[in-house]
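First comes the structure, then the notes that go with it.
The values are calculated or read from the model by the stated rules, or taken from the named source; none is laboratory data. As the structure is a computational prediction, the values presented were derived from the model and not from experiment. Here Cβ is always computed from backbone atoms with ideal geometry, including for glycine, and neighbour counts include all displayed protein chains. Surface areas here come from the heavy atoms of the whole protein model, side chains and all, with no ligands, DNA or RNA. Shrake-Rupley method; radii C 1.70, N 1.55, O 1.52, S 1.80 Å.
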Amino acid sequence: SLASTAITCFTRGLDLRKGTEDVLCPANCPLWQFYVFGDGVYASLSSVCGAAIHSGVITNTGGAVRIQTLPGQENYPAVNANGIQSQVLSRWASSFSVTAGTKNTALEAVGRSVSTARPSTGKRPKKTLDKKAGNKDCKADIAFLIDGSYNIGQRRFNLQKNFVGKVAVMLGIGTEGPHVGVVQASEHPKIEFYLKNFTATKEVLMYHHCMHYFFIFFSCSKQGKALKYTAQKFFSLDNGARKGIPKIIVVFLDGWPSDDLEEAGIVAREFGVNVFIVSVAKPTTEELGMVQDIGFVDKAVCRNNGFFSYQMPTWFGTTKYVKPLVQKLCSHEQMLCSKTCYNSVNIGFLIDGSSSIGESNFRLVLEFVSNVAKAFEISDIGSKVAAVQFTYDQRTEFGFTDYVTKDKVLSAIRNIQYMSGGTATGDAISFTTRNVFGPVKDGPNKNFLVVLTDGQSYDDVRGPAAAAQKAGITVFSVGVAWAPLDDLKDMASEPRESHTFFTREFTGLEMMVPDIIRGICKDFLDSKQ
């Protein structure tokens, strides 16, 4: 029998083309990042591995799955199963079901870095040389997606390469400046080189010059397919992408795309990638009838605000277009799609340390805090976490600027010592709003406060919670054991139902982790609309 194909956590039903296919899901996929629509029968937009865990075919240790393509349907229901909350979808064009697959050897080629066949640059250049460091003011990881289809022709392909080369020179590539890679768009997208392969302009130009035009192999320009492929595969840490640096794909489009760019644009935005479209030789009036979707540029770019689209009348005489494009690519603050809920939030945890909790339950509370914090990209320019413990008094365990790496934050959470005492939640909210969120209130990140308590507060919570919300802080209330529902609802942001959580037992906190993370992400996205 055929070998199973190894897939990623994010491979969706519509990424697989066969009617029936055996696949291998990896272990330890982050459950809260799965998009799953339906129950039993899943919309093809769903993650295959997510659907397999949701339906109980595999667990989060991965395994073999057989996927069967089915017709589209209406009303995919939302069901919570095996740690995954599937979502409602009113209609989708195709579906799939999942059953247990047979374990065969995974295709060896999957996941092996293309760079093994590429010249390596050996040692990393020393940072002391400024020329090697590159343009430090331009922080970007850029994939140039060039058009390799036969309709562009060898001559225009070379002009396109020449233009990309000029852009690379002006960018000032270097270890501390921009990094670039190139992908050739076609029926089978081909990564020519990754971000990590070359860190100096001259190396990029040498390789770029030797790049061949695949005229013989490829029938038409599949920019949509290549854009989706690049957004999903190109920017991994293994391939040289850097944490906290904007991810950019520049799509060169000669004429118009022969496949759908809209869906690829959605995927790129989900992955936090800023898509620029450089369109050359727009379709003429006579050609418009051949274009599937006239609004293709607006649907693919990061934001339809004019900044992410760029037009050149022809490949000839493009030098004057180099500098304006480079200026756009180096505008760090304009990269709106880099901001995701995972890298652009401040989360403050307000932790009840009252004597009714007890030492062992307090450890379960800290575990909950760690598991929520773990999901976010914590760095000096990314998300930040703070913690305050309260009884009648308040103690700042650490503020937003005290620890700027995930490891240090998780270690600080583990080291919180249980106070034991009474419960004055209202005072604690006021203290946290003033002392913890006060210093960051004008910063770029969206502010969230997660209040954890196991009982009745001795003071008023409504006034302090309203003041926190007025100061731009979204409040989630998490109650355990004897925490009164009225208090929890009074503290929570609107809509209160989706910002209030309750469990009878401390062991139930673990189940709430994905819901809190999803809630923070939903609020973040809603605030950006």
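Using a 1.4 angstrom probe on heavy atoms only, work out the carbon and sulfur share of the accessible area of segment 345-526 in %.
On the way: 3950 of 7810 Å².
The computed percentage sits at 51.
Show Leu171, Leu485 ordered by accessible area, largest first, where the area counts protein heavy atoms only and the probe is 1.4 Å. All intermediate terms of the calculation are to be shown ahead of the outcome.
On the way: Leu171 0, Leu485 90 Å².
Solvent-accessible surface, decreasing: Leu485, Leu171.
With a probe of 1.4 Å, find how much accessible area segment 345-526 has per residue, and write the answer as a whole number in Å². Working shown, then result.
Numbers: 7810 Å² over 182 residues.
Heavy-atom accessible area per residue stands at 43 Å².
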| request: Quick one: how many lysine pairs does segment 345-526 have with C-alpha atoms less than 15 Å apart and a gap of 8 or more or different chains? Give me the count, please. | output: 10
| query | What ³J(HN,Hα) values, in whole Hz, does the Karplus curve 6.51 cos²θ - 1.76 cosθ + 1.60 give for segment 45-62 when θ = phi - 60°, with x put for Gly and Pro? | reply | 6, 6, 5, 5, 5, x, 5, 5, 5, 4, 8, x, 5, 9, 10, 6, 8, x
| field | Dipole magnitude of segment 345-526 about its Cα centre (Cβ charges: Lys, Arg +1; Asp, Glu -1), debye to nearest 20 | value | 380 debye
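Using a 1.4 angstrom probe on the protein heavy atoms only, could you order Arg518, Arg395 from most to least accessible area? If you can, show how the numbers build up before the last one.
Numbers: Arg518 65, Arg395 85 Å².
Putting Arg518, Arg395 in descending order of accessible area: Arg395, Arg518.
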| said: List the aspartates and glutamates whose Cα sits under 17 Å from the Cα of Lys339, skipping any in the same chain fewer than 8 residues away. | reply: Asp141, Glu270, Glu377, Asp380, Asp442, Asp523, Asp526
| note | When every protein chain stays in place and a 1.4 Å probe is rolled, Lys299, Lys18 sorted by accessible area with the largest first are Lys18, Lys299
